[in-house]
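In what follows, a single structure is set out as structure tokens and then discussed.
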Amino acid sequence: QVQLVESGGGLVQPGGSLRLSCAASGRTLSSYIMGWFRQAPGKEREFVASISWSGGSTYYGDSVKGRFTVSRDNAKNTVYLQMNSLKPEDTAVYYCAADFGSNGFEYWGQGTQVTVSS
């Protein structure tokens with residue numbers, strides 16, 4: 001069983017930056033992919049970014065390409081989401097998830113709120 005805990009959310013002005021963290025625990029991390037998703041009020045869950053744990057290959061949703069960067073620190077069992085040039089439409093609850101290669105993104109964190117507003 002894997003536990004995922006997000007942190008780093010908060011209130012930021014348009015054009016500002018935030019860095020989210022996702023700490024994994026409970027077992028030796030062997031996920032093929034770690035992902036970030038977000039869900040805004042009245043909208044469906046949206047893919048944001050992902051990274052492979054072993055090789056570090058990254059992928060991004062079209063709405064965040066060029067603005068967000070996903071990375072990982074294997075020694076700390078932690079993945080990060082650096083968010084730059086934030087827009088009001090980025091406002092959402094951001095979730096960290098783990099895909100171990102059998103059932104998709106099976107494990108999820110509790111989420112952290114990101115609000116972009118002046």
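Residue 79: closer than 13 Å to residue 4 by Cα, open to solvent by less than 30 Å² (accessible area, probe 1.4 Å) and in contact (Cβ under 8 Å) with a residue 12 or more places away in the chain, yes or no?
Values: closer than 13 Å to residue 4 by Cα: yes; open to solvent by less than 30 Å² (accessible area, probe 1.4 Å): yes; in contact (Cβ under 8 Å) with a residue 12 or more places away in the chain: yes.
So residue 79 passes the test.
Suppose the filter is surrounded by 12 or more Cβ atoms within 10 Å (Cβ to Cβ) and closer than 26 Å to residue 1 by Cβ; does residue 50 pass it?
Against the criterion (surrounded by 12 or more Cβ atoms within 10 Å (Cβ to Cβ) and closer than 26 Å to residue 1 by Cβ), residue 50 qualifies.
Answer yes if at least one residue in segment 68-83 is among the small types (Gly, Ala, Ser) and within 24 Å of residue 118 (Cα to Cα), and no otherwise.
No, segment 68-83 contains no residue that is among the small types (Gly, Ala, Ser) and within 24 Å of residue 118 (Cα to Cα).
Yes or no, residue by residue, for (1) open to solvent by less than 20 Å² (accessible area, probe 1.4 Å); (2) of a type in the set (Phe, Trp, Tyr); (3) in a loop (DSSP other than H, G, I, E, B); (4) within 17 Å of residue 117 (Cβ to Cβ):
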| site | (1), (2), (3), (4) |
| --- | --- |
| 11 | no, no, no, yes |
| 54 | no, no, yes, no |
| 62 | no, no, yes, no |
| 89 | no, no, no, yes |
| 97 | yes, no, no, no |
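Starting from segment 1-25, keep only residues that are hydroxyl-bearing (Ser, Thr, Tyr), then list their pairs with residues that are open to solvent by less than 40 Å² (accessible area, probe 1.4 Å) and part of a loop (DSSP other than H, G, I, E, B) whose Cβ atoms are within a distance under 8 Å, requiring at least 6 positions of separation or different chains.
If the second residue must be open to solvent by less than 40 Å² (accessible area, probe 1.4 Å) and part of a loop (DSSP other than H, G, I, E, B), the pairs left are 17/86; 21/8; 25/2.
In segment 13-42, which residue that is in contact with a Cys (Cβ under 9 Å, 6 or more places away or on another chain) and aromatic (Phe, Trp, Tyr) is surrounded by the fewest Cβ atoms within 10 Å (Cβ to Cβ)?
Looking at the filtered set, the residue picked out is 37.
The values are calculated or read from the model by the stated rules, or taken from the named source; none is laboratory data. Quick caveat: nothing in here was measured; it's all calculated off a predicted structure. Using ideal geometry, Cβ is built from the backbone for each residue, glycine included, and neighbour counts are taken over all protein chains shown. In case anyone asks, the SASA skips ligands and DNA or RNA and just uses the protein heavy atoms, side chains included. Shrake-Rupley method; radii C 1.70, N 1.55, O 1.52, S 1.80 Å.
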